[in-house]
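Here the structure is laid out as structure tokens; the discussion comes afterwards.
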Amino acid sequence: MDMPAPASVLILGGGFGGLYTALIASRLLSGRAELTIIDRNDYFLYTPLLFQVAGGTLEAHHVARPLKRLLPRSVRIVRADVTAIDVAAKQVAAGGASFAYDYLVLALGGVPNFYGMATAEQHALPFKWLPDVFHLREHIEQRFAEAAAEPRRARDVLRTVVTGAGCTGVELVAELHDWMSGPLLRQYPSIPADALSLVLAEAFDHLLCPMDPNLMREAVRKLLDRRIDLRLGRFVSEVGPGWLKFRGPSGDEQVPCGTVVWTAGIKPAPIIADLALPRGPGGRIEVSSTLQVTGHPEILALGDLAACPDPSGGVLPQTAQVTVQQGPAAARTLAALIAGTDPPVFRYRRKGEVVGLGRMGALAEAFGLRLVGLPAWLFSRTVHLARVPDWGDRVAIALQWVKALLESERR
Ligand SMILES: Cc1cc2nc3c(=O)[nH]c(=O)nc-3n(C[C@H](O)[C@H](O)[C@H](O)COP(=O)(O)OP(=O)(O)OC[C@H]3O[C@@H](n4cnc5c(N)ncnc54)[C@H](O)[C@@H]3O)c2cc1C
């Protein structure tokens, strides 16, 4: 009997969703499918540790790992920008070439959401991809050089505003605090420590990490202890070169600042914006609990661009924790579709939350427990290490943490 031709599976995006789908699918579908993964980068970016690259604890190579090293040789890797997706013709254009598919996996993630505020898009720095981290570090280093050259302007130039107090904003402001008040200030002894000011601004009146309120109060206490200026209930209404405007209950306030970093939300990758596929909240693609797109059983979507039903109501959050569980589920759905059986239902298991606070420690919620201090720090580091896909990388990151710890003890 003739073997059926292998199905052609095209995975768009080599982030958490694409990588984990490809890893598991390559095992489940061996010989029954040809897997191709397309990404504009040739590396997988471990975003939860990006803050530590911003703060200088980790190097870029710890968080950006070559896809070629992480995936088996049976998976074809194409480094190219996806420029068009034709769901009717089952074709994808990328890097000037055309790719036909039987099954398509959409895992292109999201981009920063400036909510249509053109001035923010123009003047605020995003914090999403690896080049954003290099750009941010370079920008802040330049502000320090400027402050040292013009001490009268130091206070304004060094004021750094992080907008959006979700987990990303909270972790970033903590890491920036450690870097700016430590190594950078030591590099510029003429700058007085009180010239530094870090602001965390949020339109809502509370931090937005999805954690126990007591832990969030602890986060607020730790940030205030480090003199981080928390502006809750303040909506950023405009950003200009060297200033931003807040809109609050008592009117508009213009604040001079050298740096504005935007961590106030994400929206799905622009390439999917015009696709005629059903949408859920925030323009995310609507999928069923098998991760199949409604009306297109041959297309799966997962991660930040998908609106996947949460059995406890609404849709699942846009986190790595959700996406690393969806990857294997997408692979099982593909295996079932190719075998002609019913795809299994994806069940998300919330395993707790962790928020790193740099040298201020960490906060964690796991197994019904609330952790602070050393236990939270150890737990958060263990969670990150467990999610790094390669053993060698885990060891390298753990050694780097020990090195950074010993160096900070010596100072
Ligand atoms: C700074 C930061 C810290 C975070 N920390 C945490 C955390 O601690 N815990 C947590 O659970 N979540 C965290 N997240 C969220 C987490 O990173 C996302 O939920 C997760 O990455 C979603 O996975 P994804 O596969 O949907 O998208 P991504 O991982 O973003 O992958 C998308 C991939 O698609 C590629 N791509 C996009 N457009 C194109 C195109 N047109 N052509 C070719 N390739 C393209 C990109 O290069 C990328 O590799 C963090 C996010 C950020 C930005």
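The values are calculated or read from the model by the stated rules, or taken from the named source; none is laboratory data. Keep in mind the model is a prediction, meaning the values are calculated, not measured. Here the Cβ positions follow ideal geometry from the backbone for every residue, glycine too, while neighbour counts run over all protein chains shown.
Scanning the range 107-129 for residues that are of a type in the set (A, V, I, L, M) and near the ligand (Cβ under 9 Å from one of its atoms) yields A107, L108, V111. Looking at the range 217-228, which of the residues that are in a helix (DSSP H, G or I) and in contact (Cβ under 8 Å) with a residue 24 or more places away in the chain is surrounded by the most Cβ atoms within 10 Å (Cβ to Cβ)? My answer is A219. From the list V75, V53, the one residue that fits, being over 20 Å from D102 (Cβ atoms) and buried (at least 19 other Cβ atoms within 10 Å of the Cβ), is V53. For L305, the criteria (1) away from the ligand (no atom under 16 Å from the Cβ); (2) under 30 Å from R137 (Cβ atoms) hold in every case but one, which is (1).
Here V199, V261 are screened, and the one residue that is buried (at least 19 other Cβ atoms within 10 Å of the Cβ), modelled with pLDDT of 95 or more and within 16 Å of the ligand (Cβ to nearest atom) is V261.
As a summary of the residue check, R69 satisfies the conditions (1) away from the ligand (no atom under 12 Å from the Cβ); (2) assigned to a loop (DSSP other than H, G, I, E, B); (3) closer than 20 Å to A25 by Cα except for the one numbered (2).
Every residue, every condition in (1) over 27 Å from the mean Cα position of the chain (by Cα); (2) within 30 Å of A307 (Cβ to Cβ); (3) not polar (S, T, N, Q), yes or no:
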| position | (1), (2), (3) |
| --- | --- |
| G110 | no, yes, yes |
| E121 | no, yes, yes |
| A147 | yes, no, yes |
| D156 | yes, no, yes |
| T160 | no, no, no |
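One line per residue, one yes/no per condition, for (1) of a type in the set (S, T, N, Q); (2) in contact with a Lys or Arg (Cβ under 8 Å, 6 or more places away or on another chain); (3) not assigned by TED's automatic domain parsing to the domain that holds V322:
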| site | (1), (2), (3) |
| --- | --- |
| A54 | no, yes, yes |
| H62 | no, no, yes |
| P66 | no, no, yes |
| A89 | no, no, no |
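For the range 198-216, how many residues are more than 22 Å from the chain's Cα centre (by Cα) and either farther than 18 Å from G356 by Cα or in a strand (DSSP E or B) (or both)?
Filtering the range 198-216 for residues more than 22 Å from the chain's Cα centre (by Cα) gives 205, 213-214.
Checking the rest, the ones that are also either farther than 18 Å from G356 by Cα or in a strand (DSSP E or B) (or both) come to 205.
So the answer is 1.
Since L58 meets every condition but one in (1) under 24 Å from T319 (Cα atoms); (2) not in a loop (DSSP other than H, G, I, E, B), which condition does it not meet? Among (1) under 24 Å from T319 (Cα atoms); (2) not in a loop (DSSP other than H, G, I, E, B), L58 violates only (2). Whenever a residue of the range 37-49 is more than 7 Å from the ligand (Cβ to nearest atom), its partners that are acidic (D, E), lying with C-beta atoms within less than 9 angstrom and at least six residues away or across chains, give the pairs Y46/D393.
Scanning the range 304-336 for residues that are within 22 Å of I266 (Cβ to Cβ) and assigned to a loop (DSSP other than H, G, I, E, B) returns C308, D310, G313, G314, L316, P317, Q318, T319. Pairing each residue of the range 380-408 that is in contact (Cβ under 8 Å) with a residue 12 or more places away in the chain with any residue that is aromatic (F, W, Y) and in a helix (DSSP H, G or I), provided the two are 6+ apart or on different chains, yields C-beta distances under 9 Å for R381/W401; R387/F16; P389/Y20. For the range 10-28, taking the residues that are crowded, with 22+ Cβ neighbours inside 10 Å and farther than 18 Å from Q321 by Cα, the one that is farthest from the ligand (Cβ to nearest atom) is identified as A25.
Number of residues in the range 37-58 that are under 18 Å from L106 (Cα atoms) and touching a helix residue (DSSP H, G or I) at 6+ places or on another chain (Cβ under 9 Å) equals 8.
Of the set (1) part of a helix (DSSP H, G or I); (2) modelled with pLDDT of 95 or more, all apply to N41 but (1). Only one of A165, A94 is crowded, with 20+ Cβ neighbours inside 10 Å, touching a residue at least 40 places away in the same chain (Cβ under 8 Å) and within 20 Å of the chain's Cα centre (by Cα); which? Every option except A165 fails the conditions.
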